[in-house]
Structures are given as C-alpha cells and as structure tokens.
Amino acid sequence: MSKALLVIDMQEAYVGERCASYLKYDKPALLRAVNDVIDARSGEGCMVVYVRNVTKRSLIKRLALFKVYEGTPESELVEGLHVVSDHVFVKYVGDAFSNPELRVFLKQNGVESVEIVGVDGGGCVALTSLGAIENGYHVVVDERAIGTTFERSKAKYFKKLRKLGAEFI
C-alpha cells in the first residue's frame, strides 16, 4: 500500500516565533515531533507532502481577525521544518482535500493511505482527516506530532474519526 505523510499548516503564522499568542501548543516541541515523523517516514520511502493554509484576498476576508496571505513571510513553511520534497500544496479552507491538485497528485502516485501531522488537532488536521476518509483513504492520525489549541473540537472530531475507522498512533 502506497502511503503519504501530510504535513498540515506547519507555517510561520502557526508555529513560528512570531505566531499568534492564543495558539497554546508548545511550538518548539511540536516542530521537533513533526521533524521526527518526517525523518522516520521519509527514511521508510514514504512520500512527504506539505500543505500550507492561505487566505484568499477579498473584502470579506479583510475583516477576519486572523489571515495569512500568499507571498508573506507568515505563509511560508516554518524555519527549521525538515523539507524533504517539493510536494507543497495550498489550501484555502480547513480540509486539504478541498484542493483538487492534491487529490489528483495523490491518485497519480497510487497513494492509498495518509498519515497526518501538524496543526490544529481541533481544526485543519481533523478536517483534512475527514476529507481523506471521504476520498477513500486509510487515515493514520499521529497524535505525537499534532498541535492543538481547540481541545473541545479535537475531542469531538477525533471521536468521529475513530468511528469512521481512522487509526491513531
């Protein structure tokens, strides 16, 4: 079974030194954990895919409290992240599978299983995991390398993911 590691939203805006103070996870520890998973999986020959969360420019989005625009330092992968491939995709909503280019890429590469790490366990990680299941993938949620600020949402989503057959490690 071909497998891909999806690294979700490990960007300067969410994990970097100047990220928002309300993001409560231990950023240096999270970066170390994600790097450990990247190193282990890439050493096993697993394809590593990075997903960046970007805000579309619009009048309505200007009013949003938190926005990350393409081309800004905040939108870049966080300094110190182990980048072992050039497979980088952008998403504009929580679920990375909303990007048709990612779906095509995974299909063309015969991927059947995805392991998911990154931020946030109560948001984009959970939504991407649900999107993966909806698209027919076996899902592995690697809790060792997931940062979470939204604990209530994480508990709700992870319960649903377990019922849908996601594997947790």
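Structure above, values below:
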item	result
Failed criterion for PHE97 (all others in (1) open to solvent by 50 Å² or more (accessible area, probe 1.4 Å); (2) of a type in the set (Phe, Trp, Tyr); (3) at pLDDT 95 or above hold)	(1)
Answer residue from segment 1-50, given it is in a helix (DSSP H, G or I) and of a type in the set (S, T, N, Q) and is nearest to VAL119 (Cα to Cα) among those	ASN35
Within segment 100-147, tally of residues that are acidic (Asp, Glu), more than 21 Å from THR55 (Cβ to Cβ) and touching an Asp or Glu at 6+ places or on another chain (Cβ under 8 Å)	2
Members of segment 70-84 found to be touching a residue at least 12 places away in the same chain (Cβ under 8 Å) and not in a helix (DSSP H, G or I), listed by number	GLU70, GLU76, LEU77, VAL78, GLU79, GLY80, LEU81, HIS82, VAL83, VAL84
Count of residues meeting criterion [closer than 26 Å to TYR22 by Cβ and among the hydroxyl-bearing types (Ser, Thr, Tyr)] in segment 89-142	4
Top-ranked residue in segment 38-75 [being at pLDDT 95 or above and under 24 Å from ARG18 (Cβ atoms); ranked as surrounded by the most Cβ atoms within 10 Å (Cβ to Cβ)]	VAL51
Residue ID - nearest to LYS154 (Cα to Cα), chosen from residues in segment 28-37 that are in contact (Cβ under 8 Å) with a residue 60 or more places away in the chain and open to solvent by less than 40 Å² (accessible area, probe 1.4 Å)	LEU30
Segment 116-155 - residue that is touching a Leu at 6+ places or on another chain (Cβ under 7 Å) and of a type in the set (Ser, Thr, Tyr) and, of those, most open to solvent (accessible area, probe 1.4 Å)	THR149
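The values are calculated or read from the model by the stated rules, or taken from the named source; none is laboratory data. This one's a predicted model, so the numbers in the text were calculated from it and none came from an experiment. Reconstructed Cβ throughout: ideal geometry from the backbone, glycine too, with neighbour counts over all protein chains shown. Surface accessibility is based on the protein's heavy atoms, side chains included, excluding ligands, DNA and RNA. Shrake-Rupley method; radii C 1.70, N 1.55, O 1.52, S 1.80 Å.
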